[in-house]
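Asker: Provided herewith is a single structure, encoded as structure tokens, for subsequent inquiry.
What follows is calculated from the coordinates using simple rules that are stated; it is not laboratory data. Worth saying up front: this structure is predicted, and the values here are computed from it rather than measured. Glycine also receives a Cβ, built like all others from the backbone with ideal geometry; neighbour counts cover every protein chain displayed.
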Amino acid sequence: MTASPPANNETAAKKLDSFKHGIILCLFCFGFGLILAITDEVTLDDITARAIEDKQNSLAQVLPDAIHDNNPVTDTLMLNDSHGKEVTVFRATKNGVVTGVAYEIFGTGYAGEMRLMMGIDAGGKVLGVRVLAHKETPGLGDKIEVKKGDWIEKFTGLSVGNPPLEKWKVKKDGGNFDQFAGATITPRGVLVAIRSGLEFFSANQARLTEVK
Amino acid sequence: MSSNYKTIAKDGLWDNNGVFSMLLGMCPAMAMTTSATNGFGMGVATAAVMAASSYLVAVFRNHITPEVRIPVYILIVAAMVTVVDLAMNAWLHELYKVLGLFIPLIVSNCLPLARLEAFAAKQPSVPALIDGLFMGLGFTIALTAIGAVREIIGSGTLFADASLLLGPSFKAIELRLLPADMGVLMMILPPGGFIVTGLLVVVKRLLDLRAGKEIQMAGAHSV
């Protein structure tokens, strides 16, 4: 910028203008920041309650009410899996004895990560597996959801070692479980997740079921 | 541009419909319309954001200098989206589980921003509120229509899961029109969104032609 006297005045005016715009922007940010803070405050309790309800609902599907008299959502245990990742284990207890555990397991499907919840009783019998979140193709891969098919329910009642671990695969890979027509990657990913869940249980059985 | 409320309403709902005339907001219009219920939910959330942000921009229109208007608009839309996001998470949780992922995307929907720039920034607060509301409702109608066509052809149902969204009394509108395996999967996948949106734009323009109206193209500039 060259500085001749009149231009100097202009730059000064422009500077003042920029300052003004800055102040306006600042005020709006402050005002709407305040609105957001208030909304957050007002909704915080409800959102926390909803998150706990969600957890409860997904846990209720893999830990039947009959086997526990505690609240598994709050009765948790932190363990590390074989990769050193932290796993939150939800415990079902009856009269102080651990009757079952549930934890999240992860697999990779056709369209990214799938989150599942797996419940196993103290003896290693699978109580249930449910998909919590996935992005699989509607109409093909989403048959892993319990409301779209009974495939995911086939695991209930099987247990660690029955069938042996290497049979927890889709039939195409030499295992015991059906793949879907047109979608093999999704069920394969689910079975990878389940195998990791079973391995986790075997490796930590003593700690998972110890009396508190 | 008249600020007559009837014109504003008709503009938003049909004549200058955000999706079918202005072709704005295409991302949610295609991504979220795999079923009529999803389209409806996304539309209503967008309408709420549009009404609130149009009103606020109109209220502050004399204080927002032209130089910083775009950041201020985006700030206002983003704040309203966050408010809707938090409120839905807390009080409409079932709907939130379906749409939650897509609510933040309203910020990047160009329809609210276009209406703020074209209408709310120049009009008093009440007409701006009406405009935001009816533009949002027009958007809702468009998304519901696209969703309905895709859902009927793609999965053979109409308004599936509407009771999750609107309450158990709406169980009656959940229809199954075709047997379960008859659906044309492609219609639920992204290509279906493009095909159905294109065809519905054609239908709207044919109806306008038959009514002897001049066809409005990309009407965002014509306001």
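Asker: Please work out, to two decimal places, the log10 of the ratio I(q)/I(0) at q = 0.10, 0.12, 0.13, 0.16 Å⁻¹ from a Debye calculation in which every Cα of region B:79-223 carries one identical scatterer.
Answerer: -0.48, -0.69, -0.81, -1.16
Asker: Continuing with the same structure: In region A:48-151, which GluC sites (Glu not before Pro) are in a loop and have at most 16 other Cβ atoms within 10 Å, using DSSP for the loop call?
Answerer: A:Glu145
Asker: Full-extension gain between A:Val42 and A:Lys135, please, as 0.36 nm times their residue separation minus the C-alpha to C-alpha distance.
Answerer: Here the answer is 30.3 nm.
Asker: Å³ per residue of the Cα convex hull, for region A:134-189?
Answerer: 80 Å³
Asker: Rounded to two decimals, what ratio of Rg to Rh does region A:75-212 give with C-alpha atoms and a Kirkwood Rh?
Answerer: 0.97
Asker: Under 15 Å Cα-Cα from B:Lys6, which aspartates and glutamates qualify once same-chain neighbours fewer than 8 residues away are excluded?
Answerer: B:Asp15, B:Asp131
Asker: Leaving out same-chain residues fewer than 8 places away, which lysines sit with a Cα under 18 Å from that of A:Lys167?
Answerer: Qualifying lysines at Cα under 18 Å: A:Lys125, A:Lys154.
Asker: Which Cα, out of B:Pro168, B:Tyr96, B:Phe139, lies furthest along the positive dipole direction of the protein assembly as shown (beta carbon charges, K/R +1, D/E -1)?
Answerer: B:Phe139
Asker: Quick check on the protein assembly as shown: what does the Kirkwood estimate of hydrodynamic radius come out to from the alpha carbon pairs, in Å?
Answerer: Kirkwood radius, the protein assembly as shown: 25.2 Å.
Asker: Could you list the trypsin sites (Lys or Arg not before Pro) in region A:47-122 that lie in coil according to DSSP, counting only those with at most 16 other Cβ atoms within 10 Å of their Cβ?
Answerer: Here the sparse-neighbourhood loop sites are A:Lys85.
Asker: Can you tell me how much longer the chain between B:His63 and B:Asp15 gets when fully stretched, taken as 0.36 nm per residue apart minus their C-alpha distance, in nm with one decimal?
Answerer: Contour length minus the Cα-Cα distance gives 14.1 nm.
Asker: Which aspartates and glutamates, if any, have their Cα less than 14 Å from the Cα of A:Lys20, not counting same-chain residues under 8 positions apart?
Answerer: B:Glu67
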